[in-house]
Amino acid sequence: MPRPFSLLAHWFTFRRHPAPAGEVPSPQPPTPPPKDLNISFNTARYRSKPLPAPIDDHDEYVNEKVALRFSDVDTSQVQRFSSSTAPSSPPRDIHTLPRRPYVTHVAIPTAPLTPEETARRRLSAQRRREREEEEARREERARRELRKLQREEQERREREEEERRRALLQEHLRQAAARREEKEREEKRIEEERHEQIRQQKLMAHQRRLEYTRELDQWRQEHIQRAISSSSEKQEERRRSAEERRNRIAKLGESLLNNNNTAKAARGWVTIQTPESLAWKRRYYKFDLGRGQMLLYPNHVDTAHPIDIVELDNRTEGLHEWYEGFEELRAIPHSFAIQFVHGRSWFMYADAEEEKDRLLLWLSEAAGIIL
């Protein structure tokens, strides 16, 4: 049989389980707080207390397996979540409840609850849950509003940063465009100066060419005048020389042709170049005026058989000086050319002017032409 409860044990047990004012304690534990709720427990209340005076074993029954209930926590010290706290901030450290020493309790007999009491407790628990849910919804709305404000602030900062970056980019582009325009103007100025310099150089070169052309024309005119005058003088001199030669040949012909010893006079030395050979060959000649032939011998000793016979009668077109179209004879003194009717020409020169006059006389007599 259990022993009757003493007043001291009953009072001690009742003190450990105080009921909130105006609220009936619920047999079920309360809804746990949110995860991000900052809770601070007042541990001063649960510090170890000195054990009460020993109780006589005969006075009361001690239950050693009584556990600590959730209602033992003092919920009046819980700090509610503030709407100004950022949802992303880490929760504060929750102090661990100190281990409470085992205290012997006296089992209190409980009477069965009536239906009205059960309904009242259920209604009280439901209202408490509704208040907690409303508080959770209010806190969730506050968190959403805070997140919205933070997102708007972040977007505003991003817009400002984008505008600042765009303005900086526009400034850089403007400076680059200004530098490019300045560079283009400088290049254009340099190009214009270069073109102007080239134009001036071309103008000066054109003026020099005009001056040179005028000087060249003047020199050409002077040279032409000198050439004309010189040619006239040379022609006059040649005409006088040819006239003098004809006079000399005429006088020489009168003296030689009237002489009975014409065969001995119509001979001498001459150097000949024929079209068949470019070499000049010295030959001893004799004229046969009756046949109109010129007989050529290698020397004046061997005159029995001629090595070449030149037919002159009716085959000779004329006797010409170097200035009559035979420039290759200009450097050879006492030279002349014999042009035949078939277009061939022989070049000859004598040892002296008198020998040339005598040779021209015999050639004209043998060919039957007039000088």
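Observations, loosely collected:
- Pair Glu244, Lys281: separation of 7 Å Cα→Cβ label points (nm): 3.5 nm
- At R0 = 25 Å, FRET efficiency that the Cβ-Cβ distance of Ile224 and Ile332 yields, to 0.05: 0.30
- Listed from fewest to most Cβ neighbours within 10 Å, the set Met348, Met294, Met204 follows the order Met204, Met348, Met294.
- Residue order, fewest to most surrounding Cβ atoms within 10 angstrom, among Arg248, Arg147, Arg199: Arg199, Arg147, Arg248
- Rounded, prolate or oblate (a/c below 1.5 giving rounded, otherwise prolate when a/b exceeds b/c) for the stretch 147-258 by Cα gyration tensor: prolate
- Residues Arg214 and Arg315, FRET efficiency given R0 of 56 Å [Cβ-Cβ distance, rounded to 0.05]: 0.50
- With neighbours defined as other Cβ atoms within 10 Å of a residue's Cβ, the residues Leu289, Leu257 order from fewest to most as Leu257, Leu289.
- Net charge over other residues, Cβ less than 14 angstrom from the Cβ of Lys188 (K, R count +1; D, E count -1): -4
- Note, ³J(HN,Hα) from phi for the stretch 225-233, Karplus 6.51, -1.76, 1.60, rounded to Hz, x at Gly and Pro: 5, 5, 5, 5, 5, 5, 5, 5, 5
Values quoted throughout were computed directly from the atomic coordinates according to the rules given, and no laboratory measurement underlies them. Keep in mind that this is a model prediction, so the values were computed, not measured. No Cβ is skipped: glycine too gets one built from the backbone with ideal geometry, and neighbour counts run over all protein chains shown.
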